[in-house]
Amino acid sequence: LKYSVEIRFGEEPDTMPEGMKFGRVSAVTTDAQNNVYVFKRDARTDQLVVFDSQGQFLRSWGKGLFTRPHGLRIDRDQNVWAVDDAGHQIFKFTRDGKLLQTWGVKGVSGSDAKTFNRPTDIAFSPDGRFVYYCSDRTGQFNVWRIGVDEATGRPLGAPTPVTLPRQNLGHLTF
């Protein structure tokens, strides 16, 4: 396998704000405008960083919000979903970083209608009626299906488990 690096996001001159470094990057995704979203674990600065397709810094947010960033996705409506496994939370933002929803209770693990147990990734059904998240830190390797109220976007009831081998949810078909 041979490859070449065209752009080193965050490493090119003048592409990051003063004092901001990547540290450990846990997830990367893109939106419909080809902007690149990077979820990083350096808690001293914003942990969600957005670049244009050429590697120029656009914006960032999330300093101190996440315990341990893990998964990152963009839904069909271009909302940004960030998964914090150690914080046991899932966050929904606008592309500009406005917090729309928080699922789970910070620092509280569980598997009822209000808590998660170290969620690691998230995916969406094509029609947007269900959100799926993977909680693979318990040793059970479950994918949980959460119904979503179409009017409010809030979860409906407790998650329903679907047991699968551990895998990246991006490869699931619904």
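The values are calculated or read from the model by the stated rules, or taken from the named source; none is laboratory data. All values derive from a computational prediction rather than experimental measurement. Quick reminder, even Gly has a Cβ in these numbers, built from the backbone with ideal geometry, and neighbours come from all protein chains shown. These area figures cover heavy atoms from the full protein model, side chains too; ligands, DNA and RNA do not enter into them. Shrake-Rupley method; radii C 1.70, N 1.55, O 1.52, S 1.80 Å.
Looking only at the range 105-122, residues that are crowded, with 18+ Cβ neighbours inside 10 Å and at pLDDT 90 or above come to 0 in all. Checked against (1) open to solvent by less than 50 Å² (accessible area, probe 1.4 Å); (2) at pLDDT 75 or above; (3) polar (S, T, N, Q), T102 passes all but a single condition, namely (1). Of the residues S125, S60, the single one that is over 11 Å from the mean Cα position of the chain (by Cα) and either in contact (Cβ under 8 Å) with a residue 60 or more places away in the chain or open to solvent by 20 Å² or more (accessible area, probe 1.4 Å) (or both) is S60.
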